[in-house]
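Novice: My structure is below; once you've seen it, I'll send some questions.
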Amino acid sequence: MNSQPIDFRHTLVAKHPERLSQIRYLLADSGLGLDNDITLFVEAWSGAQLVGCAGLAANVIKCVAVNEQLRGENLSARLLAEVENAALERGHFHLFLCTRPCNRERFARSGFWPIAQSGNNAVLMENTPQGIERYCRSLRAKRRCGENIGAIVMNANPFTLGHRHLVEQAAQRCDTLHLFVVREDASFFPFSARLEMVRAGVAHLPNVVVHEGSQYIISRATFPAYFLKETGKVQQAWSEIDVLIFRDFIAPALGITHRFIGSEPFCDITRQYNQTLHDLLASHIEVVEMPRIKATGNAISASEVRRLLKTQQFSRIREIVPDSTFTHLEAHYRASAEVA
């Protein structure tokens, strides 16, 4: 195999889904899974055999694997260079990857710098040593004076009365409250819609600064988990990396002293994330966990709004969302249902 020249091919997943079966086998041989948001694969072929691959999901490199017989021959570095070029052709200059910590040095030799690491589970890296510092500079421009500076991070899928209550209670306790909306389009509502609903829902609070989320605020929905087989490890890696970036970079840039969260009676993933916040922010930032408010006897949840929306139960939705959210939902979802 070594005498064969390596041929690199670019495969668009949408146009050639049949190519995924061979890629799955190669990944499985390396103990890796296949993340379903990858849109392009760079494939390395030796004759008629697939010997390497690297995937691209927007500006995130995933699923880098090399045939065991060719490891140590610099093929992974060549694959990375190929997939980086493919990203550049698509306008993605700032690239991220997440890998096992044992691969950290290998990717460092290809021009990636570590940002945060979750034990032996995962390390998040980017292709510039200045990326996180540039982001922190942009945050420092929005820094405000005060002794109590709070932060909330929310998906707001969609923004409910529960979200508004949490923001209002936190804003009362802070000189400034920084509100981050997680930036991804894997949720029921796209990011632009969630951001619009949040801004409208907190417009009456003058000390709240709404931030568009960045890739340094990690979404569970888009976290690269292809190299972690156990769900518990995926959850731990995502939550620890996200919280460490917040603790070590975002909070110092804005002078944040308090992180506000809502209690979680429904979702195990969010409940575990809250515990990670308590564990990793202890002695750094005060974590304030507030009980959820109830409507019609039940704790308000965004998942309930989504369920009611699917069955067009707008009278019940009105009871658990602010007027601004209700107006958005009526305008965008009642009309589409009627057309359908």
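Novice: Report, as a whole number in µm² per second, the diffusion coefficient that Stokes-Einstein gives for the stretch 238-340 at 25 °C and 0.890 mPa s using the Kirkwood radius over alpha carbon pairs.
Specialist: Working: Rh = 16.1 Å.
Estimated diffusion coefficient is 152 µm²/s.
Novice: What do you get for the angle between helix 268-281 and the principal long axis of the chain? Use alpha-carbon atoms, 0 to 90 degrees, nearest ten.
Specialist: 90 degrees
Novice: For the stretch 21-104, what percent of Cα pairs sit more than 19 Å apart? Please report the intermediate quantities before stating the final value.
Specialist: On the way: 1122 of 3486 pairs.
Tail fraction, whole percent: 32.
Novice: Under unit Cβ charges (Lys, Arg +1; Asp, Glu -1), what dipole magnitude, rounded to 20 debye, does the stretch 13-124 have relative to its Cα centre?
Specialist: Around 160 debye, computed over the stretch 13-124.
Novice: Got a sec? Charge dipole of the stretch 69-191, +1 on Cβ for Lys and Arg, -1 for Asp and Glu; which of Leu166, Leu70, Ser187 is way out at the positive end?
Specialist: Leu166
Novice: With N residues in the chain, what two-decimal value do you get for its Cα radius of gyration over 2.2 N^0.38 Å?
Specialist: Details: Rg = 22.2 Å, N = 340, 2.2 N^0.38 = 20.2 Å.
Output field value: 1.10.
Novice: Roughly speaking, to the nearest percent, how much of the chain's 1.4 Å accessible area is carbon and sulfur? Don't skip to the answer; put the middle values down first.
Specialist: Working: 7690 of 16000 Å².
The computed percentage sits at 48.
Novice: Divide the volume of the convex hull of the Cα atoms of the stretch 151-205 by its number of residues and quote the answer in cubic angstrom per residue. Mind dumping the intermediate values first?
Specialist: Details: hull volume 3.5 nm³, N = 55.
Enclosed volume per residue, from the Cα hull, is 64 Å³.
Novice: By how many degrees, between 0 and 90 and to the nearest 10, does the Cα long axis of helix 191-201 differ from the longest principal axis of the chain?
Specialist: So the inclination is approximately 20 degrees.
Novice: GNM, the chain, Cα, under 10 Å: largest mean-square fluctuation among Ser283, Ser187, Ser219?
Specialist: Ser283
Novice: May I ask for the angle, rounded to the nearest 10°, between helix 131-140 and the longest principal axis of the chain, with both axes built from Cα atoms and the value confined to 0 to 90°?
Specialist: Helix 131-140 and the main axis of the chain meet at about 20 degrees.
Novice: On to the next question. Of the peptides 45-56, 222-233, how do they stack up when ordered by the mean number of other Cβ atoms within 10 Å, highest first? Intermediate results must be reported in sequence, preceding the final value.
Specialist: Numbers: 45-56: 19.7, 222-233: 17.7.
Ranked from most to least packed, the peptides come out as 45-56, 222-233.
Novice: In what sequence, highest mean first, do 178-185, 107-114 appear when ranked by Cβ atoms within 10 angstrom?
Specialist: On the way: 178-185: 21.6, 107-114: 16.9.
Result, highest mean first: 178-185, 107-114.
Novice: For a quick check, take a GNM of the chain with Cα springs below 10 Å and name the residue from Gly146, Gly201, Gly255 with the largest mean-square fluctuation.
Specialist: Among Gly146, Gly201, Gly255, the largest mean-square fluctuation in the Gaussian network model of the chain belongs to Gly146.
Novice: Of all beta bridges DSSP finds with both residues in the stretch 167-321, what is the antiparallel percent, to the nearest 5? Please list the in-between numbers first.
Specialist: Values: 2 of 12 bridges.
Once the DSSP bridges in the stretch 167-321 are tallied, antiparallel ones form about 15 percent.
Novice: For the chain, with the dipole built from +1 on Lys and Arg beta-carbon atoms and -1 on Asp and Glu ones, taken about the Cα centre, which of Pro224, Leu56, His328 lies farthest toward the positive end?
Specialist: About the Cα centre, the residue reaching furthest to the positive side is His328.
The values are calculated or read from the model by the stated rules, or taken from the named source; none is laboratory data. Predicted model, so just to flag it, every value in this text is computed and none were measured. Positions of Cβ are backbone-derived with ideal geometry, glycine not excepted, and every protein chain shown enters the neighbour counts. Only protein heavy atoms, including side chains, enter the accessible area calculation; ligands, DNA and RNA are left aside. Shrake-Rupley method; radii C 1.70, N 1.55, O 1.52, S 1.80 Å.
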